[in-house]
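Have a look at the structure below, then the notes.
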Amino acid sequence: MDDQQRRDDGMKMRRKVLGNAWVDKSVNNKNAFNADFIDLITRHAWGEIWTRPHFDERTRRVLVIGTMVALGQWDEFRLHVRAALAEGDFTPDDIKEILLQQAIYCGVPAANHAVKEAGAVVQELGLLKA
C-alpha cells in the first residue's frame, strides 16, 4: 500500500470514527506548522492501525478511551468519548463500564477525573438520565 492509499483510507476511517464535523474542523485548521503532523496521524494512526482487521472499531474505541484515561490526556479523552457516543453507537452506560474498569487498572484519581469529563460530554449531548 502506498502513502496516498493510506492517506485516503485513513481519512475515510477518521471521518467514520470521529464524524465529519470534527474532521472538517481539523482540516480547516491545517496550516504550514501542523500539516505534516495531520498527514502523519491520518496515514499511520487512521490509515494503518484503525483499518487493521483484527479488532473491530468498537474494541478500538474502548482501547483508546481507556488509554486516554491511563495517560491523563483529557482533550483526546473527551474527543473519543463524544465520538463513541455520537458516531459509534455507544451508550453512557458503555462509557461508565469502561471507566469502572479503568478505576481498577489506572487508579481512582484518574477514573474520578474521567467520570467528571465524560459526564460533561454526556450532558452536552443530552444523554444524561435523571
| query | Could you give every pair whose Cβ atoms fall below 7 Å, whose first residue belongs to segment 19-45 and is under 12 Å from Arg7 (Cβ atoms), and whose second residue is among the small types (Gly, Ala, Ser), counting only separations of at least 6 or pairs across chains? | reply | Ile38/Ser26; Thr42/Gly10; Arg43/Gly10
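Do we find that Glu117 is within 11 Å of the chain's Cα centre (by Cα), in a helix (DSSP H, G or I), surrounded by fewer than 20 Cβ atoms within 10 Å (Cβ to Cβ) and at pLDDT 95 or above in this structure?
Working: within 11 Å of the chain's Cα centre (by Cα): no; in a helix (DSSP H, G or I): yes; surrounded by fewer than 20 Cβ atoms within 10 Å (Cβ to Cβ): yes; at pLDDT 95 or above: yes.
For Glu117, the condition - within 11 Å of the chain's Cα centre (by Cα), in a helix (DSSP H, G or I), surrounded by fewer than 20 Cβ atoms within 10 Å (Cβ to Cβ) and at pLDDT 95 or above - is not met.
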| said: Considering only segment 98-112, I want to know if a residue exists there that is within 15 Å of the chain's Cα centre (by Cα), free of Cβ contacts under 8 Å to residues at least 40 places away in the same chain, surrounded by 15 or more Cβ atoms within 10 Å (Cβ to Cβ) and not assigned by TED's automatic domain parsing to the domain that holds Val17. | reply: yes
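Of all residues in segment 41-60, count the ones that are loosely packed, with under 11 Cβ neighbours inside 10 Å and more than 15 Å from the chain's Cα centre (by Cα).
3
Here's the yes/no breakdown for (1) surrounded by 14 or more Cβ atoms within 10 Å (Cβ to Cβ); (2) over 16 Å from Gly119 (Cα atoms); (3) touching an Asp or Glu at 6+ places or on another chain (Cβ under 9 Å):
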| residue | (1), (2), (3) |
| --- | --- |
| Met1 | no, yes, yes |
| Ala21 | no, yes, no |
| Asp24 | no, yes, no |
| Asp36 | no, yes, no |
| Val62 | yes, yes, yes |
| Trp74 | yes, no, yes |
| Phe77 | yes, no, yes |
| Phe90 | yes, no, no |
| Asp94 | yes, no, no |
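Check every one of the helices (runs of 4 or more DSSP H) wholly within segment 27-89 and list those with 3 or more residues that are outside the structural domain of Met11 (by TED's automatic domain parsing). Spell out how you get there, then give the answer.
Working: elements: 35-41, 57-71, 74-87.
Those helices (runs of 4 or more DSSP H) span 57-71, 74-87.
The values are calculated or read from the model by the stated rules, or taken from the named source; none is laboratory data. No experiment lies behind these values; they were computed from the predicted model shown. Note: ideal-geometry Cβ built from the backbone for every residue, glycine included; neighbour counts use all protein chains shown.
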